[in-house]
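Heads up, the thing below is written out as C-alpha cells.
The values are calculated or read from the model by the stated rules, or taken from the named source; none is laboratory data. Treat the numbers as computed from the prediction; the structure is a model and nothing was measured. Glycine also receives a Cβ, built like all others from the backbone with ideal geometry; neighbour counts cover every protein chain displayed.
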Amino acid sequence: MNAAEAIIISIVEGLTEFLPISSTGHMIITEKLLHLDKDKFNTLFTIAIQLGAILAVVVLYWKKFFDFKRWQFYIKLIVAVIPALVLGLLFSKNIDDLLESSLTVAISMLAGGIILLFIDKAFKKQVIDDEAKISYRRAFVIGLWQCIAMVPGVSRSASSIIGGMQQKLTRSAAAEFSFFLAVPTMLAATGYKLYKHYKDAGGFSQHEIKLLAIGNIVAFIVAMLAIKFFIGFLKKYGFTIWGWYRIIVGTLLLILIYCGYIK
C-alpha cells in the first residue's frame, strides 16, 4: 500500500463509517478495485483508521463525552458495547474469514437496502428523543442489534440505528446514540487489532506508521463532514435514499463478481 491508496481508503472510511451503507463493505471493495494484497498490515489499516473517525465523534460531541456529572451516559455505553465485545472475541476468526468474501458484502448490501426502504414506515411511534431517556435495558438491546454488523456489508451504523428505533428512539436520537456507541466499540476493536499486530509482527515499520498517521488524519476530517451532513439529512429525508443506494451498489457488485472483475 502506498500513500495515495491509503488516502483513498481513508476517504471511503470517513464517508461511510457513520452512514447506513457499511464502511467495511466499501473498504473491502475499494481494496479489491485497487488490487491491494490482503496482507496483515492492509487488513489492520482498514480497522486502525477507525480511530480517526472515532475522534470526529468525540470532537463534535465533546460536551457530552466530557460531562462527567452525567456518569449514567458512560454506563449506558459500557452496557451497550458488552455484546459486541463478547461475540467479537468468541467469533474473531469467523469474522476475519467473512471479511474475505465479496459475495457476502454484495448480498448484505442488497438485503440491507431492501430493509431500509421500509424502516421509516415500520417505526412511527418514536418517543425517546434524548440519550438521557434511554434505559440500561434499551442500551443493551441496541448493543445486540449492533452485533449484526459483524457480517461485512450490514453496516454498524444501520444496525444500531434500527435497533435504537426499535427501542422507541427517534431517528436523530438513534443516530446520535449510534455515534456514541461507535467510540467504545471501534476503540476496542482497533486496540485489539493493533496489539495483535504489534505482538505478531514485532512492531511497525516507519512506512506503516506514516500510512496509519495519514489514514487517521484523512478519516477524521472526512468523518467530521459526513456526521454533520447525515444528521440533517436523516431528519429531513429518512432512510429511503440509502436503501436505494445499497440496492444499486449491491446489484452492481453481484454483476462485477459474476463477470469476474471482482473475486
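Figures for the structure shown
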read-out	value
Cβ-Cβ under 6 Å pairs, at least 6 apart or on other chains, the stretch 22-41 side modelled with pLDDT of 80 or more, far side in a helix (DSSP H, G or I) and hydroxyl-bearing (S, T, Y)	S23/T16; H26/T16; M27/T46
Residue within the stretch 152-163 that is over 21 Å from G25 (Cβ atoms) and not polar (S, T, N, Q) present	no
Where I21 falls short, out of the listed (1) in a helix (DSSP H, G or I); (2) under 30 Å from I262 (Cβ atoms); (3) within 19 Å of the chain's Cα centre (by Cα)	(1)
Scope the stretch 108-130; condition of a type outside the set (S, T, Y), surrounded by 15 or more Cβ atoms within 10 Å (Cβ to Cβ) and within 11 Å of R246 (Cβ to Cβ); matching residues	M109, L110, A111, G112, G113, I115, L116, L117
When residues of the stretch 230-263 are limited to those that are closer than 20 Å to I8 by Cβ and assigned to a helix (DSSP H, G or I), the one modelled with the highest pLDDT	Y245
Among (1) modelled with pLDDT under 85; (2) exposed (fewer than 14 other Cβ atoms within 10 Å of the Cβ) - the single one K133 does not satisfy	(1)
Single unsatisfied condition, Y237 versus (1) without any contact (Cβ under 8 Å) to a residue 24 or more places away in the chain; (2) more than 24 Å from L110 (Cα to Cα); (3) loosely packed, with under 13 Cβ neighbours inside 10 Å	(2)
Verdict on I9 being more than 29 Å from Y136 (Cα to Cα), of a type in the set (A, V, I, L, M) and either within 20 Å of the chain's Cα centre (by Cα) or part of a helix (DSSP H, G or I) (or both)	yes
Selection within the stretch 136-165 - more than 11 Å from S108 (Cβ to Cβ), touching a residue at least 40 places away in the same chain (Cβ under 8 Å) and either surrounded by 23 or more Cβ atoms within 10 Å (Cβ to Cβ) or of a type in the set (V, I, T) (or both)	A139, I142, G143, Q146, R156, S157, I161, I162, M165
Qualifying positions in the stretch 1-31 - farther than 22 Å from F177 by Cβ and charged (D, E, K, R)	E5, E31
Near pairs, Cβ below 9 angstrom, 6+ apart or cross-chain, from the stretch 46-59 (under 12 Å from G14 (Cβ atoms) and touching a residue at least 12 places away in the same chain (Cβ under 8 Å)) to any residue that is among the aromatic types (F, W, Y) and not in a helix (DSSP H, G or I)	A53/F18; A56/F18; V57/F18
Contacts under 7 angstrom Cβ, first residue in the stretch 170-197 being in contact (Cβ under 8 Å) with a residue 24 or more places away in the chain, partner of a type in the set (D, E) and outside any helix (DSSP H, G or I), 6 or more apart	T170/D129; A173/D129; A173/D130
